[in-house]
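This report refers to the structure that appears directly beneath it.
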Amino acid sequence: MISTSISLWITKVNKRKSLDEQLDAILKIALQYPYLESSHFTGSWTSAFDTNDEKYLRYDVYCTLLFNYLSRVAEHHKYKKHKVESYIAIKDWIRLHRKYWEDPTSSYENVDSYDHAFVDFVKGYLN
């Protein structure tokens, strides 16, 4: 009984550590390429971008990385907004990258790639 509790606690701690490391990696990318978090740039997103434009190619990959991360965080916190919001500024991130979410590179990519709970979670911030 005690060993099970300890194992569960260690698993939870390791998962949180992994989420922290992923957050650090995303923030490092944003520091290296600050336009990825610029409302001026993110507001210019269109899925019909010039595929030779390195900035938009990078932004496409960055947003995939970001929304995958946000999905893992939401799932970790069982989609409880107050817990997620106390961990990261998810509302700000989702709203900043709204155009990407609503206009993905492949039609229905975001709706089909994530579970319904996360899609509804994101919609809750955009409505």
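The values are calculated or read from the model by the stated rules, or taken from the named source; none is laboratory data. What you are looking at is a predicted structure, and each value in this text was computed from that prediction instead of being measured. Note that each Cβ is placed from the backbone with ideal geometry, even for glycine, and that neighbours are counted across all protein chains shown. Just so you know, the surface numbers come from the protein's heavy atoms only, side chains and all, with ligands and any DNA or RNA stripped out. Shrake-Rupley method; radii C 1.70, N 1.55, O 1.52, S 1.80 Å.
Remark: spin-label model distance K99-I2 equals 5.9 nm, labels positioned 7 Å along the Cα→Cβ axis. Here the average projected area of the convex hull drawn through the C-alpha atoms of segment 20-74 stands at 4.0 nm².
The angle between the Cα long axis of helix 116-126 and the longest principal axis of the Cα atoms of the chain comes to about 60 degrees, rounded to the nearest 10. Per residue, the convex hull spanned by the alpha carbons of the chain comes to 114 Å³. Just to verify a number: FRET efficiency for H82 and L27, C-beta to C-beta distance, R0 = 25 Å, to 0.05? The calculated FRET efficiency here is 0.65.
Per residue, segment 51-127 exposes 56 Å² of solvent-accessible protein surface, assessed with a 1.4 angstrom probe and all protein chains in place. Of the chymotrypsin sites (Phe, Trp or Tyr not before Pro) in segment 60-127, the ones in a loop by DSSP (not H, G, I, E or B) with at most 11 other beta carbons within 10 Å are Y108. Here is the P(r) of segment 76-127: all C-alpha pair distances, binned every 5 Å from 0, give 4, 19, 29, 27, 14, 5, 1 in whole percents. The figure for T46 is an accessible area of roughly 60 square angstrom, using a 1.4 Å probe on the protein chains alone.
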